[in-house]
Amino acid sequence: MAKETLSITDNRTGKQYEIPIEEGGVIRAAALRDIKTSADDFGLMSYDPAFTNTASCRSRITFIDGDKGILRYRGYPIEELAEKSNYLEVAYLIVKGELPDRKHYAAWESNIKTHTMIHENVKKFMEGFRYDAHPMGMLVSTIGALSTFYPEAAQIHDLESRRLQTRRLIGKVPTLAAFAYRHTRGLPYVYPDNSLSYTGNFLSMLFRMTEREYKPNPTLERALDVLFILHADHEQNCSANAMRSVGSSQVDPYSAVAAATAALYGPLHGGANEAVIRMLVEIGSPKNVPEFIKGVKEGKRRLMGFGHRVYKNYDPRAKIVKKIAYEVFEVTGRNPLIDISLELEKIALEDDYFVSRKLYPNVDFYTGVTYQAMGFPMQMFPVLFAIPRTSGWMAQWAEMVRDPEQKIARPRQVYIGEQTRHWTPIEHRPEPTMREDAVSDQI
Ligand code: SDX
């Protein structure tokens, strides 16, 4: 019977070591510390910049098989949830671990809607932003500011407090997002209308003008709700890692969600959907695609919305978004930029540069043209990602808080700097030599 162990021979000493291979095919990096050349040797350390092959936690929330293009939330395939569920129900599933029965769903929906209002002072805080402030910058700041309104959130080991903050954040982030949008448009804030669905209320807070009651277009409301489902969680992505790492210091969850939102803001992560539209507008026409692809292959550009750290196949979410785009166009009219997206995809999927690197469309490739057709400005696209991901972040955070193996995140490093040097009086110092990381002699 094969043994679930790794046999290692350290050729520096001839010593042999046996390291257990745990379920999931993992070995504990800490076990490498036992491999030493002498008693006072630190021992071996694994080096994995950007954690490309390092598991940071054990999780039950989301499963991805990148080679097969599989995504499941708590075991449920994303395709089924997108077709049959709604965002609030999926948020319950991700946070609680099971689909709710009718009674629990009703209670969950009521609890979330209880928390859609925000403290009036937040409006004053928001007024401090310039009219052209990026709404993601406003969202990072206002979510962080919420930690000052709910000091009891610091009781992270109190289950009821964790549950209350989870409901508050899922309820309030759409309101903060909508207020940020209205601020940039110079429009008065629209208060939550809890007679509408979660997503319908968000649309109302964004787009209601002088009408007494906002009635969302049902096709667009359903399209956005499904897009929220697709963006709800994605295991240990950059922003989930930020949520867990910042949360591991035992700071309150509002501060940790602010950090996760900041990570999502980056163009390589949640900011990619905005970057895709900028790329499509720059390309301008399907006939310019070959020239752009040439620049990508020469390493001059990135094909935004393509590639993924985990998916080495078509992102299952991208397939669903592409279908939603056409449903939205039925209402809004076709967004001509999609013709450029389709040409990019067609050429890229046939070109060895992309095929050999297993670069396929990811969730961000078609969301931009869809959001734009729905009337969202580009800067709101990453905000539309942050809203649904709040439930994923809170689930990841709570799992980390409950995990007895977790402690404050504090990676090691491989030091490559100077050895000991001693201070000298300024008059005795030579002109500093240009350090390798100095881009110029500007101070
Ligand atoms: C999201 O992690 C998640 O789960 C994220 C997310 C979620 O739901 O949370 O799925 C959401 O962030 C989706 C990704 C959105 N970002 C983009 O679309 C930006 C463009 N994509 C890339 O920058 C890139 O593909 C990443 C950041 C997504 C992944 O980068 P990796 O895994 O670090 O891969 P890499 O940069 O090491 O690239 C490997 C090779 C390189 O070529 P070589 O150096 O081997 O020659 O592939 C090339 C890269 O140059 N490459 C690309 C490319 N992505 C990778 N070349 C051109 N265009 C691209 N988009």
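Values in this text are rule-based calculations from the coordinates and carry no lab data. Small disclaimer: the values here were computed from a predicted structure and weren't measured. Note that each Cβ is placed from the backbone with ideal geometry, even for glycine, and that neighbours are counted across all protein chains shown.
Could you state the angle between the C-alpha long axis of helix 87-96 and the longest principal axis of the C-alpha atoms of the chain, as a value from 0 to 90 degrees rounded to the nearest 10?
With rounding to tens, the tilt is 30 degrees.
Taking Cα atoms of the stretch 5-47, Rg/Rh with Kirkwood Rh, to two decimals? Each step should come with its number before you reach the end.
Working: Rg = 10.8 Å, Rh = 11.0 Å.
When Rh is taken as the Kirkwood radius, the ratio is 0.98.
Note down the nm distance, to one decimal, between modelled labels 7 Å out along Cα→Cβ at S195 and at H269.
Placing both labels 7 Å beyond Cα along the Cβ direction yields 4.0 nm.
Defining a contact as two alpha carbons under 8 Å apart and six or more residues distant in sequence, what relative contact order in percent does the stretch 5-47 show?
On the way: 49 pairs, mean separation 11.5, N = 43.
It comes to 27 percent, rounded to a whole number.
Over the stretch 237-355, what is the relative contact order in percent, taking alpha-carbon pairs closer than 8 angstrom and at least six residues apart?
Working: 74 pairs, mean separation 27.0, N = 119.
That works out to 23 percent.
Among E79, E4, which comes first, second and so on when ranked by fewest other beta-carbon atoms within 10 Å?
Working: E79 15, E4 10.
Fewest to most other Cβ atoms nearby, the residues stand as E4, E79.
Quick one: Cα convex hull volume of the stretch 225-360, Å³ per residue? Mind dumping the intermediate values first?
On the way: hull volume 17.1 nm³, N = 136.
It is 126 Å³ per residue.
How charged is the neighbourhood of R301? Take every other residue with its Cβ under 11 Å from the Cβ of R301, and add Lys/Arg as +1 and Asp/Glu as -1. Intermediate values should be presented prior to the final figure.
Details: positive: K294, K297, K300, R302; negative: E282, E291, E298.
Residues close to R301 contribute a combined charge of +1.
Under a plain spin-label model, where a point goes 7 Å from the Cα along Cα-to-Cβ, how far apart in nm are D132 and V414?
My value for the distance between the label points is 4.4 nm.
From Cα coordinates alone, what are the radius of gyration and Dmax values for the stretch 1-81 in angstrom?
17.6, 56
In nanometres, what is the gap between the two model label sites at D10 and K123, each 7 Å from Cα along Cα-to-Cβ?
Each label point lies 7 Å from its Cα, and together they span 6.6 nm.
For V355 and R402 in the same chain, what is the full-extension length gain: residue separation times 0.36 nm, less their Cα-Cα distance, in nm?
Full extension of this stretch gives 12.8 nm more.
Residue separation times 0.36 nm, minus the C-alpha to C-alpha distance between Y105 and H157: what's the value?
Numbers: separation 52, 0.36 × 52 = 18.72 nm, distance 2.51 nm.
Gain on extension, Y105 to H157, equals 16.2 nm.
Quick one: length gained pulling L187 to K287 fully straight, 0.36 nm per residue minus the C-alpha distance? Each step should come with its number before you reach the end.
Values: separation 100, 0.36 × 100 = 36.00 nm, distance 3.93 nm.
Full extension of this stretch gives 32.1 nm more.
May I ask you to list the chymotrypsin sites (Phe, Trp or Tyr not before Pro) in the stretch 355-435 that are in a DSSP loop and have at most 11 other Cβ atoms within 10 Å of their Cβ?
Details: sites: F365, Y366, Y371, F385, W393, W397, Y415, W423; in loops: F365, Y366, Y415, W423.
Taking the stretch 355-435 and a limit of 11 other Cβ atoms within 10 Å, the loop chymotrypsin sites (Phe, Trp or Tyr not before Pro) found are Y415, W423.
Running Debye on the stretch 201-295 with equal point scatterers at the Cα sites and no solvent, what base-10 log of I(q)/I(0) appears at q = 0.16, 0.18, 0.25 Å⁻¹?
Ignoring solvent entirely, the Cα scatterers give -0.94, -1.00, -1.14.
Name the chymotrypsin sites (Phe, Trp or Tyr not before Pro) in the stretch 94-148 that are in a loop by DSSP and that have at most 13 other C-beta atoms within 10 Å, would you?
On the way: sites: Y105, W108, F125, F129, Y131; in loops: F129, Y131.
Answer by residue number: Y131.
Report the GluC sites (Glu not before Pro) located in the stretch 114-221 that are in a DSSP loop and have at most 10 other Cβ atoms inside 10 Å of their Cβ, or state none. Could the numbers behind the result be given before it?
Working: sites: E120, E127, E152, E160, E211, E213, E221; in loops: E211, E213.
For GluC sites (Glu not before Pro) across the stretch 114-221 that sit outside H, G, I, E and B with at most 10 neighbouring Cβ atoms in 10 Å, the list reads E211, E213.
At 4 °C and 1.567 mPa s, what whole-number value in µm²/s does Stokes-Einstein give for the translational diffusion of the chain, with Rh from the Kirkwood sum over Cα pairs? Intermediate values should be presented prior to the final figure.
On the way: Rh = 24.3 Å.
The calculation lands on 53 µm²/s.
Go ahead and run the numbers for FRET between R301 and Y326, Cβ-Cβ distance against an R0 of 22 Å, rounding to 0.05. Mind dumping the intermediate values first?
Numbers: r = 27 Å, r/R0 = 1.25.
In this case the efficiency is close to 0.20.
Expressed as a rounded percentage, what relative contact order does the chain have, with Cα pairs under 8 Å and six or more residues apart? Display every interim value, and only then the final one.
Numbers: 593 pairs, mean separation 83.8, N = 443.
This gives 19 percent for the chain.
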